[in-house]
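Everything on this sheet refers to the single structure shown next.
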Amino acid sequence: MKINSEISAIVTGGASGLGEATARVLAAKGAKVTLFDLNEERGQKVAGEIGGAFAKVNVADEASVDAGFALAREKHGQERIMINCAGIGWAAKTAGRNRKTGEIKAHPIQDFQLVININLVGTFMCLSKSAAGMMTLDPLGDSGRGVIVNTASVAAQDGQIGQVAYSASKGGIVGMTLPIARDLAREGIRCNVILPGFFRHPDL
Ligand SMILES: NC(=O)c1ccc[n+]([C@@H]2O[C@H](COP(=O)([O-])OP(=O)(O)OC[C@H]3O[C@@H](n4cnc5c(N)ncnc54)[C@H](O)[C@@H]3O)[C@@H](O)[C@H]2O)c1
């Protein structure tokens, strides 16, 4: 898709790291960018610097996501680009032994559910609502109606010790992306996933 000032984009996790860098590139190419993030201070700052908009959104909360889309679409019109970068890491074993006390504990299930909820369910919630909005637009010739990019991780395929929740969430993102792409192909909406290895940025 050719990016210009007619194109509206949403980037989740846009206040930091990969999302922030992506938002800056999209804005530099002329797109109208809205950041969805929990970090209001950083999000407002980045949005101000790129001439974009910020919505304080928890991607795991449907009312919050709906409010974010309403704000973004009121300011910039229906988005044609949806980039899902929001995510959290986690470190806990399936079952672990405390080295000092010898205590044995199973992975707290609420921690596992939290990671799945933010990384996997949050990604799906944002992209499915975005796709429904994109379907109301006319296609832009061969570029179709819109583009969705999901962020998984190399941990989807090669999770390390302590990454069980994170790997499960990222494996879910990889697994759902192909059926999503098939669901949306006839509507002219592309959906892809990236699996980055470890990368540094100013906050890491
Ligand atoms: N950094 C790496 O080495 C690496 C490697 C592979 C994959 N990834 C993935 O890339 C993405 C970005 O990573 P990063 O290192 O730039 O992360 P980061 O922590 O710098 O940025 C993530 C952003 O997501 C936001 N966020 C977290 N939970 C949220 C929620 N519930 N709702 C809305 N926003 C929320 C945070 O506030 C933060 O601004 C993540 O999905 C991460 O899992 C990162």
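Consider Lys170 against the criteria (1) in contact (Cβ under 8 Å) with a residue 40 or more places away in the chain; (2) under 19 Å from Glu79 (Cβ atoms); (3) open to solvent by less than 40 Å² (accessible area, probe 1.4 Å): it satisfies all of them except one. Which criterion is unmet?
(2)
Name the single residue, out of those in segment 102-151 being of a type in the set (A, V, I, L, M) and more than 21 Å from the chain's Cα centre (by Cα), that is nearest to Glu187 (Cα to Cα).
Looking at the filtered set, the residue picked out is Leu137.
Does Thr22 fit the bill of being near the ligand (Cβ under 8 Å from one of its atoms), buried (at least 20 other Cβ atoms within 10 Å of the Cβ) and of a type in the set (S, T, N, Q)?
The answer is no for Thr22.
Checking Ala91 against (1) under 24 Å from Phe199 (Cα atoms); (2) open to solvent by less than 40 Å² (accessible area, probe 1.4 Å); (3) in contact with a Gly (Cβ under 9 Å, 6 or more places away or on another chain); (4) not polar (S, T, N, Q), which single condition isn't satisfied?
The number of the failed condition is (2).
Of the residues Arg190, Arg182, Arg186, Arg145, only one is open to solvent by 50 Å² or more (accessible area, probe 1.4 Å), in contact with a helix residue (DSSP H, G or I) (Cβ under 9 Å, 6 or more places away or on another chain), of a type in the set (D, E, K, R) and more than 11 Å from the ligand (Cβ to nearest atom); which?
Arg190
Determine which member of the set Lys129, Lys105 is surrounded by 13 or more Cβ atoms within 10 Å (Cβ to Cβ) and of a type outside the set (Gly, Ala, Ser).
Checking each option against the conditions leaves just Lys129.
Across segment 25-64, what is the number of residues that are more than 13 Å from the ligand (Cβ to nearest atom) and part of a loop (DSSP other than H, G, I, E, B)?
Residues flagged as more than 13 Å from the ligand (Cβ to nearest atom) and part of a loop (DSSP other than H, G, I, E, B) within segment 25-64 amount to 5.
The values are calculated or read from the model by the stated rules, or taken from the named source; none is laboratory data. Worth saying up front: this structure is predicted, and the values here are computed from it rather than measured. No Cβ is skipped: glycine too gets one built from the backbone with ideal geometry, and neighbour counts run over all protein chains shown. All accessible areas refer to the heavy atoms of the entire protein, side chains included, with ligands and DNA or RNA removed. Shrake-Rupley method; radii C 1.70, N 1.55, O 1.52, S 1.80 Å.
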